[in-house]
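Here the structure comes first, spelled out in structure tokens, and everything after it is commentary.
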Amino acid sequence: MSSDTEKEIVDLRNPDLSLEYTSCIQYSQNQAVLKGALHQNIQKEQIIHAQKELAQAVLLANQIDRLEGEPVVDMVPAQAWSLKRPLPFPRWFAKICSSRNIGKAA
């Protein structure tokens, strides 16, 4: 890696990569167990979302590799997330917002 900034970006991107893979697996599992009258329509949407998550994971892994980092996947346990609270913004996005005082009361 050529700089500390690139290492920091890699360190912030790897958890995002893990979330993308976890999401892909969850969508795939959910579509497999759907029941009910509308399950075919919902199932198609779940498959589309899983494919998008996988594409995003591949993009992140390639970015990490271009920065001469090692893509690491530590899967996030599925039960750690709840439908009652939204997924957090990626860490790199939160860091940018805090460094620019975005979202803070004036």
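The values are calculated or read from the model by the stated rules, or taken from the named source; none is laboratory data. Given the structure is predicted, the values throughout are model-derived calculations rather than measurements. Note that we place each Cβ from the backbone using ideal geometry, even for glycine, and neighbour counts take in every protein chain shown.
Observations on the model:
- Evaluating ILE42 against the criteria (1) of a type in the set (Val, Ile, Thr); (2) surrounded by 11 or more Cβ atoms within 10 Å (Cβ to Cβ); (3) at pLDDT below 65 leaves one unmet condition, (3).
- Answer residue from region 2-55, given it is assigned to a loop (DSSP other than H, G, I, E, B) and not aliphatic (A, V, I, L, M) and is farthest from GLU68 (Cα to Cα) among those: GLY36
- Remark: pairs (first residue in region 59-86, closer than 12 Å to GLU20 by Cα and modelled with pLDDT under 75; second residue among the basic types (Lys, Arg) and surrounded by fewer than 16 Cβ atoms within 10 Å (Cβ to Cβ); Cβ separation under 6 Å; 6+ apart in sequence or on different chains) are absent.
- When ILE48 is tested against (1) over 19 Å from the mean Cα position of the chain (by Cα); (2) β-branched (Val, Ile, Thr); (3) at pLDDT 90 or above, exactly one condition is not met: (1).
- Any hit, region 25-38, residues being closer than 18 Å to VAL73 by Cα, buried (at least 17 other Cβ atoms within 10 Å of the Cβ) and modelled with pLDDT under 90: yes
- GLN56 vs. criteria modelled with pLDDT under 90 and of a type in the set (S, T, N, Q): no
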